[in-house]
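Student: I am attaching a structure below and will ask some questions about it afterwards.
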Amino acid sequence: MTVSKMARNLIGSEIIKVAGEVNAMIARGEQICNLTIGDFDPSIYPIPQGLKAGITKAYNDGHTNYPPANGVAVLRKAVAEFTADKLGLFYPENDILVAGGSRPLIYATYLALVDPGDKVVFPTPSWNNNHYCHLSGATPVMVETRAENNFMPTAAEIAPHLKGATMLALCSPLNPTGTMFSKKDLQEICDLVLEENKRRSEGEKPLYILYDHIYWMLTFGNAEHFDPVNLRPELREYVIYIDGISKSFAATGVRVGYAYGPAIVMDKMKSILGHVGAWAPKAEQIATAGYLKQTDQVYGFMHELKHRIQKSLDVLYHGFKELKSDGFAVDAIEPMGAIYLSVKMDLAGRTTPDGQVLHTSKDITFYILSEAKLAVVPFSAFGSAPDLNWFRLSVGGASLEEIQSSLGRLRTALEKLK
């Protein structure tokens, strides 16, 4: 039996491959500190009590039928008010589209804007853009970023690739790095997009920005979140925002995401998702609408969630910095947002106790997993080269105690290398 060329050449998720090995080790009774999946363990980070109660009530009230294709009106209205109040972004409820998490919205953005062969520019590392390009038939243009700039793209890096491109896919706070755009860097990129669109002739497809900021509420310290339209209002007709409750409310399984942007694009995305049927469950939509209006509850929950996530990230960050100061070939970038820490384990060329030479980041990943019982994801899973020995550590699925104990095992594993 022959499948489509798209399906035949589809690459599976490297994160899921690592997770599969982790799950097999756990099934054998091994204690693993699992920092692979960008998710939350509900026993450690439960969803807000008000949201949980609202979901139960909505089901008891009989909200079990199909929702409208673009989302229930009460949720779109609540999102419009929440976004205007918290972000200063003013979109009417008809320009807001609700779906079962952010993934269908990102995919719908690709399908609504990109024709097969169109160029899509995105930085590496970044989450899943290479796979969305494959699914949509787009030509991926991957822009390599640098640790010196926290793995965030700069205007100078992006500028050579924008001519003829249809979409620039950006994310801040960034999955997988936990870093964010500075105001200056994002302004300069926005100016490039404006200049490129001014150069294009009438009837030529414009250059759009897909701006995934689903982690915008999860920022730490003095880090400040910026977005294109607030920085350059002229970009309003060219930016599609991806947002939702999955990360900010530790509600990944609740599956309520939303997008907002220019009416013509949102209308086409609505039609695409209407045919796919990627709706968020109606009861969850009703509950989310009610919860977003409870400002005191939202702020109270976010204060506690951010404090606990930052504490776990800081323990990891300072642990790696201590290892570095002790002479080990590791490093870390101070966390700014999301639930991720970027760490360097420059172990290529080292030999394990059983005589294996570590060549790639994948080799390092599985050595650290087997010896330190610490599960991480290499940046190669996010489009970077296999010899870039940087890794994503995600703290949502592990307790603070598990994270603290893993650092001692990591030190021992590093000491065993020759």
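Student: So what is the diffusion coefficient of the range 1-144 in µm² per second by Stokes-Einstein at 37 °C and 0.692 mPa s, using a Kirkwood Rh over Cα pairs? All intermediate terms of the calculation are to be shown ahead of the outcome.
Tutor: Values: Rh = 19.4 Å.
Using the Kirkwood radius from Cα pairs, D works out to 169 µm²/s.
Student: For Glu144, put the label point 7 Å out on the Cα→Cβ axis and report which residues of the range 320-364 keep their amide N under 11 Å from it.
Tutor: Backbone N within reach: none found.
Student: Also: Among the listed pairs Lys183/Lys270; Lys247/Lys311; Lys17/Lys268; Lys306/Lys362; Lys373/Lys416; Lys184/Lys270, give every one whose C-alpha distance is greater than 25 Å. Show your work: numbers first, answer last.
Tutor: Details: Lys183/Lys270 32 Å; Lys247/Lys311 17 Å; Lys17/Lys268 34 Å; Lys306/Lys362 31 Å; Lys373/Lys416 14 Å; Lys184/Lys270 34 Å.
Distance filter (> 25 Å) returns Lys183/Lys270; Lys17/Lys268; Lys306/Lys362; Lys184/Lys270.
Student: Using alpha carbon coordinates only, what is the Rg to Rh ratio of the range 83-197, with Rh defined as the Kirkwood radius? Let's see the in-between values first.
Tutor: Details: Rg = 14.7 Å, Rh = 15.3 Å.
Rounded to two decimals, Rg over Rh is 0.96.
Student: May I pose another question? I want the antiparallel fraction of DSSP beta bridges within the chain, as a percent rounded to 5.
Tutor: Working: 20 of 40 bridges.
Among the beta bridges of the chain, antiparallel pairing accounts for roughly 50 percent.
Student: Given the range 1-76, what whole percent of its Cα pairs are spread farther than 17 Å? Kindly include the intermediate steps, with their values, before the conclusion.
Tutor: Numbers: 2032 of 2850 pairs.
In whole percent, the long-distance tail amounts to 71.
Student: Let's test the formula: R0 of 22 Å, r as the Cβ-Cβ distance of Arg28 and Leu400. What FRET efficiency results, to the nearest 0.05? Mind showing how you got there, number by number?
Tutor: On the way: r = 25 Å, r/R0 = 1.13.
E between Arg28 and Leu400, to the nearest 0.05, is 0.30.
Student: To continue, here is another question. Can you give the percent of C-alpha pairs in the range 276-340 whose distance is more than 15 Å?
Tutor: Tail fraction, whole percent: 68.
Student: Another question about this same structure. Give me the one-decimal nm value for the distance between modelled label points at Tyr299 and Ile44, 7 Å along each residue's Cα-to-Cβ direction.
Tutor: Result: 2.9 nm between the two label points.
Student: On to the next question. Plugging the Kirkwood radius over Cα pairs into Stokes-Einstein for the range 318-406, at a temperature of 37 °C and a viscosity of 0.692 mPa s, what D comes out in µm²/s?
Tutor: On the way: Rh = 13.6 Å.
My calculation gives 241 µm²/s for D.
Student: As I understand it, the dipole of the range 62-118 uses +1 on the Cβ of Lys and Arg and -1 on the Cβ of Asp and Glu, about the Cα centre. Which of Tyr110, Gly71, Leu97 lies farthest toward its positive end?
Tutor: Gly71
Student: Let me ask something additional. Rounded to the nearest Å, what's the spacing between the alpha carbon centres of the range 83-112 and the range 178-227? Just the number, please.
Tutor: First find each Cα centre; the distance between them is then 16 Å.
Student: What's the magnitude of the charge dipole for the chain around its Cα centre, counting Lys and Arg as +1 and Asp and Glu as -1 at the beta-carbon? Answer in Debye, nearest 20. Let's see the in-between values first.
Tutor: Values: 41 positive and 45 negative charges, 131 e Å.
Taking the Cα centre of the chain as origin, the dipole is about 640 debye.
Student: Here's something else I'd like to know. Return one whole number: the accessible area per residue of the range 1-148 in Å², for a 1.4 Å probe.
Tutor: Values: 7410 Å² over 148 residues.
Solvent-accessible surface per residue comes out at 50 Å².
Student: What are the GluC sites (Glu not before Pro) within the range 351-418 that DSSP puts in a loop, where the Cβ has at most 15 other Cβ atoms within 10 Å?
Tutor: Numbers: sites: Glu371, Glu401, Glu402, Glu415; in loops: none.
Passing sites in the range 351-418 do not exist.
Student: When Lys and Arg each count +1 and Asp and Glu each count -1, what net charge do the other residues less than 15 Å away from Lys321, Cβ to Cβ, add up to?
Tutor: Working: positive: Lys324, Lys344, Arg411; negative: Asp314, Glu322, Asp326, Asp331, Glu334, Asp346.
Here the charged neighbours net out to -3.
Student: If you don't mind, another one. Charges on Cβ only, +1 for Lys and Arg, -1 for Asp and Glu, centred on the Cα centroid of the range 123-233; of Cys190, Gly137, Ile158, which one is farthest towards the dipole's positive end?
Tutor: Gly137
Student: So for each of 236-249, 142-155 I average, over its residues, the number of other beta carbons within 10 Å; can you give me the resulting order with the highest mean first?
Tutor: On the way: 236-249: 22.8, 142-155: 17.5.
Sorting 236-249, 142-155 by mean packing, highest first, produces 236-249, 142-155.
Student: Now for a different question. Among 89-102, 162-175, what's the highest-first ranking by average C-beta atoms within 10 angstrom per residue? Numbers along the way, then the final one.
Tutor: Details: 89-102: 20.5, 162-175: 23.3.
Averaged packing, sorted descending, gives the order 162-175, 89-102.
Student: As an exercise, take the mean of 1/r over every pair of distinct alpha carbons in the range 175-313, invert it, and state the Kirkwood radius in angstroms.
Tutor: Values: mean 1/r = 0.0578 Å⁻¹.
When all Cα pairs of the range 175-313 are included, the Kirkwood radius is 17.3 Å.
Student: Radius of gyration and Dmax for the range 139-187's Cα atoms, expressed in Å?
Tutor: Taking only Cα atoms of the range 139-187, I get Rg and Dmax of 10.9, 30 Å.
Student: Heavy atoms only, probe 1.4 Å: what % of the accessible area of the chain goes to carbon and sulfur, would you let me know? Working shown, then result.
Tutor: Numbers: 9120 of 17690 Å².
Ligands and nucleic acids excluded, carbon and sulfur reach 52 percent.
Student: Just to verify a number: what accessible area does Val276 come out at with the full protein assembly present, 1.4 Å probe, Å² rounded to tens?
Tutor: Near enough 100 Å² of accessible area.
Student: Right, something else. Quickly estimate the mean residue ellipticity at 222 nm for the chain, helices only: each DSSP H run with n ≥ 4 gives -39500 (n - 2.57), and the total goes over all residues, rounded to 500.
Tutor: So the helix-based figure for the chain works out to -13000 deg cm²/dmol.
Student: Moving on to the next point. Write down the accessible area per residue of the range 179-317 in Å², having rolled a 1.4 Å probe over the full set of protein chains. If you can, show how the numbers build up before the last one.
Tutor: Numbers: 5730 Å² over 139 residues.
Using a 1.4 Å probe on heavy atoms only, each residue of the range 179-317 averages 41 Å².
The values are calculated or read from the model by the stated rules, or taken from the named source; none is laboratory data. Here the structure is a predicted model, which is why all the values come from computation and not from measurement. All Cβ positions, even for glycine, are placed from backbone atoms using ideal geometry, and neighbour counts span all protein chains on display. For accessibility, only protein heavy atoms count, side chains too; no ligands or nucleic acids. Shrake-Rupley method; radii C 1.70, N 1.55, O 1.52, S 1.80 Å.
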